[in-house]
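Notes follow once the structure below has been shown.
Here, each number is a calculation from the coordinates, and none is a lab measurement. What you see is a predicted model; the values in this text were computed from it and never measured. Using ideal geometry, Cβ is built from the backbone for each residue, glycine included, and neighbour counts are taken over all protein chains shown.
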Ligand SMILES: C[S@@+](CC[C@H](N)C(=O)[O-])C[C@H]1O[C@@H](n2cnc3c(N)ncnc32)[C@H](O)[C@@H]1O
């Protein structure tokens, strides 16, 4: 007999049935008011099973009892499912593509008018501040740089509170050259805080991408490492919502392994496929019909419309 190189499958590995997952998501929706049923099932399942393994829990019923007894675990589970982590200039080549291909065009299109950027799924704020720093560097030598407003939205309130504070540990800066850390951050004890001239260009707001998005008039939307967790239908309707949120000629940057499916993909021109940079055609006039989305969503703040 030939010995198998693999260990026998573990009999105590937790396996969630379909209705188990449904019960857990319903519990999270009740506790946090957040819909996770539009997320990719495989991702959710893997992450929930990891939590069960961590606590040595073998069944969904037992885990639900634990969740009810330990509200902090419900928050940890929600974070494990939505992954609110990021860093400054994450995947640096995407920011180089923005600098080379998108910012010169945005500058030309806007003339001296206010430029608007939106980081959707901003986690703890690093991506929104990176966009503001990029714009600051790009326009530094101009006699009069057009004003910039960056909006950062996320469902994670804890992450948003940290984003508003704008102070980060050294791990957040692995992709930032030391000279830029010196230039755009102020040391505060063990952390570095975003300099006031960058912070004042960025605002953060709670917003759920599974709801209705009423943001409009954006020149650039970065939605990176977020779509990957959503199912195809939500990816498609979000692509349409981003199209409506952009001005004609505005840019959409996705994560390195993300793309838009179906109808949504056909709305955009590819600018740099490797960097997942897309553009709403300059001659785009007619918005596609609003997708039937409900719940919390994201509304424009004062002055956000073109
Ligand atoms: C992995 S982080 C990406 C952060 C940043 N965009 C980046 O690429 O570094 C994913 C973020 O998406 C947020 N997110 C997940 N579901 C969301 C939803 N329905 N609406 C808004 N944000 C969501 C999470 O809270 C998390 O902060």
ask   = For the residue pair residue 54 and residue 141, what label-to-label distance in nm results when each label sits 7 Å from Cα along the Cα-to-beta-carbon direction?
value = 4.8
task = State the antiparallel share, in %, of DSSP beta bridges confined to the chain, rounding to the nearest 5.
result = 40
task = For the range 18-82, just say rounded, prolate or oblate: build the C-alpha gyration tensor, square-root its eigenvalues into a ≥ b ≥ c, call rounded for a/c under 1.5, and beyond that prolate if a/b exceeds b/c, oblate if not.
result = rounded
key: Fully extended contour minus Cα-Cα distance, from residue 29 to residue 65, at 0.36 nm per residue   = 11.4 nm
task = Specify the angular offset, from 0 to 90 degrees and rounded to the nearest 10, of the alpha carbon long axis of helix 41-54 from the longest principal axis of the alpha carbons in the chain.
result = 60
request  = Give the percent of DSSP beta bridges with both residues in the range 41-196 that are antiparallel, rounded to the nearest 5.
outcome  = 50
note = Nearest 10, in degrees from 0 to 90: the angle of helix 18-32 to the longest Cα principal axis of the chain is 50
remark   = Note to self, the chain gives a 222 nm [θ] from helices alone (DSSP H runs n ≥ 4, -39500 (n - 2.57) apiece, / all residues, nearest 500) of -11500 deg cm²/dmol
ask   = Relative contact order of the chain: what whole-number percent is it, with Cα pairs under 8 angstrom and at least 6 residues apart?
value = 16
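Calculate, in nm to one decimal, what residue 256 and residue 214 gain on full extension: separation in residues at 0.36 nm each, minus their alpha carbon distance. Write out the running numbers ahead of the final one.
On the way: separation 42, 0.36 × 42 = 15.12 nm, distance 2.59 nm.
Stretched fully, the residue 256-residue 214 segment lengthens by 12.5 nm.
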task = For a quick protection proxy, order the peptides 90-103, 124-137 by their average other-Cβ count within 10 Å, most packed first.
result = 124-137, 90-103
query = What residues from the range 18-52 fall in the zone where the backbone N is under 15 Å from a label point 7 Å along the Cα-to-C-beta line of residue 232?
reply = 39-42
request  = Over 29 Å, how big is the tail of the calculated P(r) for the chain, in percent of all Cα pairs?
outcome  = 41
ask   = Tilt of helix 126-139 relative to the longest C-alpha principal axis of the chain, in degrees (0 to 90, nearest 10)?
value = 20
